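Please treat every number below as a calculation from the coordinates, not as lab data. All figures in this text were calculated on a predicted structure; none of them were measured in a lab. Neighbour counts run over all protein chains shown; Cβ positions are idealised from the backbone, glycine included.
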Amino acid sequence: MTENEAIKVIKRLIGVSPSERIVRAVNTAELALKEIQQYRAIGTVEECREARERQRGKKPNAWGDGYDDDGNMIYDMYDCPNCGKSYEIDYDNYKYCPECGQAIDWSDLE
């Protein structure tokens, strides 16, 4: 039985036995079920923790596949520190990973 089905059954009970105590109990149960629905819409505690963690900036994993004329590595790519998706530094300098939403901390690379 879903929360909505339970709410319908509870409302039917009021019509069968409309004593004040039952009405209060039914109203309390209905409010509790609606509150559960709101929490489920927000997400689980784990999902909220994961979202909060993604808001904390993490340094990207910079890498390159070429060298300049002096033999120094050219760091022109980076991987998201959360999901590993690769992007080009010169063109895809995102504040947040478009794939997973992880905040990117560019403080060491700028």
Which entry in (1) 12, 26, 15, 12, 12, 11, 7, 3, 1; (2) 13, 40, 28, 10, 6, 2, 0; (3) 16, 43, 33, 8 is this structure's computed P(r) over Cα pairs in 10 Å bins from 0, in percent? (1)
Taking a ≥ b ≥ c as the square roots of the eigenvalues of the Cα gyration tensor, with a/c under 1.5 meaning rounded and otherwise prolate when a/b exceeds b/c and oblate if not, the range 3-42 is oblate
Those trypsin sites (Lys or Arg not before Pro) from the range 40-81 that are DSSP loop and have at most 15 other Cβ neighbours within 10 Å turn out to be 56
